[in-house]
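Worksheet: the structure to be examined is printed underneath.
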Amino acid sequence: MRIVVVALALAALPTAALAQGGPSFDCTKASNAIERAICENPALARADREMTAAYSALSAKLVGPAKDHLAKDQVGWIGNRNHACAGDSDAIADCLKVRYAARTANLRVFADGVYPFISERAIYKTGKVGKITYSIDTRYPQFDGPTADFSVVNRTFAADAKKSDEEATPKPDSGVEREQTWSYEQAFALHRPSSSAVTVAINFYGYSGGAHGFGGTACVLVDLHTGRAVEPGGVFSPGDAWQKLMVGIVTADLKKQFVKNPGFDDALEPASLAKMLRDPSHYCWRADRLELIFNAYDVGPYSAGAYQVMVPYSRLRPLFRIDGPLAR
């Protein structure tokens, strides 16, 4: 019941409270480790004020089901935060820093256009199998909008999260006789390339033994009108003109990057690159540009990390299909 009261208080919080040097709540009434950590850390207190300001500004604009949905999602976010951010003071502070930054950014995206009815779902667990200690902290979106059927895209997000959870959980044959610490973390960032579309960028990192961890970003463009995920062919006009353009842009950009950060030369072979560029997970459609993301091993070794290619929409708009989600 207490988190309901907290969420409702956020919606009605006076401006004066946000102007103080502390967080958005009264530190004399801090009752748990999360609240005490926020009160003791000026950076976290500022992050709490900024998140609360973004929430309050958005809530003030909404009415009816949208306002109710936001309040319920905020309650869920607070519950997930309190559940996941545990351990010593440093671990709690690091967890809160990441969560507040992500939540504030997503709230601002919610406010950019018609409210998209997106809520946060989470899988959090810790345990030990043999001598392997593990922790899993997975957050993924659920589209709850009443204007379309999002069941397929929601099942996909949930199934992918469950699969990652299962893969990150040690098994009896995972070398449990050796002392190890496994972890898996996943969050999501939202972008609004148009009023009728939202890009979900799933960011993940994990370690499950071996020489190094694994991580990256995978993006999904969701059409709010149809409720479906959209591949590049659904954004661009029919034909292969867009593929030729994208291959040329990406080849030229990666060649420049390879000078300082060598990658795989065979990844720039036209047929190979064209095939890769048909994969929608590389396309992170932002508000003002397309960001193409190539994770480790896509076009370069693990040591090189991820490569990004930025493309302004001015180069792409002539090829957008007129009935597509980015042309509306």
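The values are calculated or read from the model by the stated rules, or taken from the named source; none is laboratory data. What you see is a predicted model; the values in this text were computed from it and never measured. Glycine also receives a Cβ, built like all others from the backbone with ideal geometry; neighbour counts cover every protein chain displayed.
The rows are residues; the columns are (1) closer than 15 Å to residue 66 by Cα; (2) part of a strand (DSSP E or B); (3) at pLDDT 95 or above.
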site: 102; (1), (2), (3): no, no, yes
site: 109; (1), (2), (3): yes, no, yes
site: 112; (1), (2), (3): yes, no, no
site: 116; (1), (2), (3): yes, no, yes
site: 119; (1), (2), (3): yes, yes, yes
site: 122; (1), (2), (3): no, yes, yes
site: 134; (1), (2), (3): no, yes, yes
site: 138; (1), (2), (3): no, yes, yes
site: 142; (1), (2), (3): yes, yes, yes
If you go through the range 197-208 one residue at a time, how many are surrounded by 20 or more Cβ atoms within 10 Å (Cβ to Cβ) and of a type in the set (S, T, N, Q)? 1
When residue 195 is run through (1) more than 20 Å from residue 109 (Cα to Cα); (2) at pLDDT below 95, the failure sits at (1)
Matching entry among 93, 105, 111, 84 (being in contact (Cβ under 8 Å) with a residue 24 or more places away in the chain and touching a Leu at 6+ places or on another chain (Cβ under 6 Å)): 111
So residue 107 passes all but one of these: (1) in the same structural domain as residue 59 (by TED's automatic domain parsing); (2) more than 25 Å from residue 291 (Cα to Cα). Which condition number does it fail? (2)
Matching option when the condition is closer than 30 Å to residue 164 by Cα and assigned to a helix (DSSP H, G or I), among 290, 273: 273
Suppose we filter 211, 267 for residues that are over 22 Å from the mean Cα position of the chain (by Cα), surrounded by fewer than 18 Cβ atoms within 10 Å (Cβ to Cβ) and either part of a strand (DSSP E or B) or of a type in the set (Gly, Ala, Ser) (or both); which single one remains? 211
